[in-house]
Amino acid sequence: MCLQCEEKKSSYDNIKVKLQEVMILKLRYKLWIEKDGEKAFGDGPLDILHRVEKTGSLRQAAEEINMSYSQAWNLIKDLEKRLGFNLLKRKVGGERGGGSEITEEARELMTKFKLFREGADQNLNSLYKKIFQEE
């Protein structure tokens, strides 16, 4: 190895050691899917749909995350418009009130997004460790 290359490697090793001594870094990131430059799906909508699936109600799902029903309704309607399919099947009220169910398209999107997020998490963590935590 040339003298200049050895000096650069030594300098790099010194910087790496100092960085590891001074900072404990942690990887953080957010993932979402866009359509035509607008957010179409991510962790927030995934969470709401899981809660609708569990409670059978958009209103209850919204309450659980301290979101107004109208805000949740508008979010779902905007996402449905961007995606081009319904995320929820609405049941009109009756004796026991109305409710909501997720559609098959929503269920498929939820599954695919979770798989994508898990794969991205594994790959990003691996890359992070390779670059920032190499020994």
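A short reminder: the numbers here are calculations on the coordinates, not readings from a lab. In this text the structure is predicted, and so the values were computed from the model without any measurement. So basically every Cβ, Gly included, is an ideal-geometry build from the backbone, and we count neighbours across all protein chains shown.
For region 21-67, evaluate the Debye formula with one uniform point scatterer on each Cα (no solvent term) and list log10 I(q)/I(0) at q = 0.14 Å⁻¹, rounded to two decimals.
-0.52
May I ask you to derive the FRET efficiency for Phe116 and Ile24 from their Cβ-Cβ distance with R0 = 41 Å, giving the value to the nearest 0.05?
Approximately 0.90, to the nearest 0.05.
Using amide H atoms built 1.01 Å from N in the peptide plane, name the residues 5+ places from Ile102, or on other chains, whose amide H lies under 5 Å from its own.
Answer set, sorted by chain and number: Lys89.
Go through region 29-38 residue by residue and turn each phi into a ³J(HN,Hα) via Karplus (6.51, -1.76, 1.60, θ = phi - 60°); whole Hz please, and just put x for glycine and proline.
With the stated coefficients, region 29-38 comes to 6, 10, 10, 7, 10, 10, 9, 6, x, 10 Hz.
In sequence order, what are the phi-derived ³J(HN,Hα) couplings for region 57-62 according to the Karplus relation 6.51 cos²θ - 1.76 cosθ + 1.60 with θ = phi - 60°, rounded to whole Hz, with x for glycine and proline?
Whole-Hz 3J(HN,Hα) from phi for region 57-62: 8, 5, 4, 5, 4, 5.
Given the Cα-Cα distance of Asn123 and Glu105 and 0.36 nm per residue of separation, how much length would full extension add, in nm?
Difference between extended and current length: 3.8 nm.
Let me check I've understood the local charge: for Leu79, count other residues with C-beta under 10 angstrom from its C-beta, Lys and Arg +1, Asp and Glu -1. What total comes out?
Residues close to Leu79 contribute a combined charge of +2.
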